[in-house]
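Below: the structure, in structure tokens.
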Amino acid sequence: MKIIIERFDGKKKYESTYELRIDEVKGQTLLSLLQYIKRTQDITLNFTAACRMAICGACAVRVNGHSYLACDTKMEELLEEYENPESMRISPLNNFRVITDLVVDWEPSIENLRKVKPTITPKSEFSEKTGCVQTQADVDAIKKQWDCILCGCCASECNKLEADASDYMQPFVFTHAYRAADDSRSKDPMIHLKPAIANGLWNCVHCQECVDRCPKGISSFGDIESLRVMAMKKGLNEGMGPAHAEAFLLDMVEGDGRLNEIKLALRSEGVLANTTKLDIAYNLMKAGKMNPLHIFGGEKIEGHAELVKMVEAARKAEKEGTIK
């Protein structure tokens, strides 16, 4: 079969194609296949790798457009996933600057990690003598986030970063911000929460591609949602993002249970801001995507009363401290 690898020599992009027998492919991991190609066919091929045990996160690449941790991906599984193709394309991670071949620049991501201060400052009640004691529940609350190995798979898949990275950080950065902010030993969660808000917390587009591709099963999307809830509870609820979230809840509970696009826009951005978007509204109405009469509400969805009861039960449980 053909293994096509996207290359970059620092000046120009090109691709190299390597012909391999199927018995040379099977039995390998994606990383060992790259090492085999480098060893037997092309010593100039550049990629990064270190632990080969799915711990360091250094070897993530894309295959056919999707990110994988190379040392933890068996070629047999890839062949089955893509239904035994005649060729596969291996590329560097998306949404990173490529340095050479499959090697990408991590410095901007590390700089974003620095912004959210992922280490914690312990509460004053802790001391060198007593240590920083946590309950098992406190440990369990952030245990999954500690599994992040900074492989970059989530960032590679992120649609928000691909559309515009100027006002958003990599999904794993928000995961580490949440881990530090929700750590029961932390003296001040605001140290991590405020820079997360200032650097795009409310700009996630909810595609959840980061969840699908994380090799450790971490939900950065869920961590972003948890940070948003934390922000609202701490009174950091100004701006379009919090207003957008409140509008969703209002439609669900106080409305008919359906998202009201007209009210959502007015509640999120206000009347003045929406006067510049009348052309969008017109095109939506013309395409049958928006009904202006919906501003007066509509028929409640089936099971709306039960939905409201669920929301009220969740609010009560939160107030009693049985859920966060």
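For the chain, a Gaussian network of Cα nodes joined below 10 Å ranks 65, 297, 288 by mean-square fluctuation, and the top entry is 288. Annotation note: trypsin sites (Lys or Arg not before Pro) in segment 1-88 located in DSSP loop regions with a Cβ neighbour count of at most 16 within 10 Å are 11, 12, 21, 26, 52. How many percent of the accessible area of the chain is carbon or sulfur, using a 1.4 Å probe? Roughly 54 percent, rounded to a whole number. Counting charges near residue 173 (Lys, Arg +1; Asp, Glu -1) among other residues having Cβ under 12 Å from its Cβ returns a value of +2.
For the chain, the list of Cys residues with no other Cys C-beta under 4.7 Å reads 59, 71, 132, 148, 151, 153, 158, 204, 207, 214. Other residues whose C-beta falls under 10 angstrom from the C-beta of residue 97 contribute a net charge of -2, scoring Lys and Arg +1 and Asp and Glu -1. Summarised as an ellipsoid, segment 138-278 has semi-axes of 28, 18, 14 Å, derived from the eigenvalues of the Cα gyration tensor scaled by 5 and square-rooted, with the largest first. With coordinates expressed along the principal axes, the C-alpha atoms belonging to segment 214-301 extend over 44, 28, 26 Å, beginning with the largest. A DSSP coil position with no more than 12 other Cβ atoms inside 10 Å describes the following GluC sites (Glu not before Pro) in segment 121-174: 125, 128. Each label was represented as a point 7 Å from its Cα along the Cα-to-Cβ direction; for residue 130 and residue 188 these points are 2.1 nm apart. Over the chain, one equal point on each Cα, no solvent: what is log10 I(q)/I(0) by the Debye formula at q = 0.08 Å⁻¹? Values returned for q = 0.08 Å⁻¹ are -0.52.
Based on the Kirkwood radius over alpha-carbon pairs, what value in µm²/s does the Stokes-Einstein equation return for the translational diffusion coefficient of segment 126-206 at 10 °C and 1.306 mPa s? Display every interim value, and only then the final one.
Working: Rh = 14.1 Å.
Taking Rh from Cα pairs, D becomes 112 µm²/s.
Whats the longest run of the chain with zero chymotrypsin sites (Phe, Trp or Tyr not before Pro) that are DSSP loop and have at most 16 other Cβ atoms within 10 Å?
Details: sites that count: 82, 126.
Result, exposed sites excluded: 127-324.
Each eigenvalue of the Cα gyration tensor of segment 13-102, multiplied by 5 and square-rooted, gives one semi-axis; in descending order these are 18, 16, 14 Å.
Under the simplified labelling scheme, the residue 76-residue 13 pair shows an inter-label distance of 3.5 nm, with each label point 7 Å from Cα along Cα→Cβ. Dividing the helix sum by the residues of the chain, where each DSSP H run of 4 or more adds -39500 (n - 2.57), gives a mean residue ellipticity at 222 nm of -12500 deg cm²/dmol. Given a Förster distance of 30 angstrom, what is the FRET efficiency for residue 304 paired with residue 205, based on the Cβ-Cβ distance and rounded to 0.05? Efficiency computed from Cβ-Cβ geometry: 0.60. Pop the C-beta distance of residue 100 and residue 147 into the FRET formula with R0 = 35 Å and round what comes out to the nearest 0.05. Approximately 0.75, to the nearest 0.05. Remark: the residue 319-residue 4 segment gains 107.8 nm on full extension, using 0.36 nm per residue and subtracting the alpha carbon distance. For segment 54-211, the normalised intensity computed at q = 0.14, 0.18 Å⁻¹ comes to -0.79, -1.12 (log10 of I(q)/I(0), Debye sum over alpha carbons, equal scatterers, no solvent).
The values are calculated or read from the model by the stated rules, or taken from the named source; none is laboratory data. Only a predicted model underlies this, so the values are computations on that prediction, with no experimental measurement involved. All Cβ positions, glycine included, derive from the backbone under ideal geometry; neighbour counts span all protein chains shown. Side chains are part of the model used for accessible areas, which takes the heavy atoms of the whole protein and leaves out ligands, DNA and RNA. Shrake-Rupley method; radii C 1.70, N 1.55, O 1.52, S 1.80 Å.
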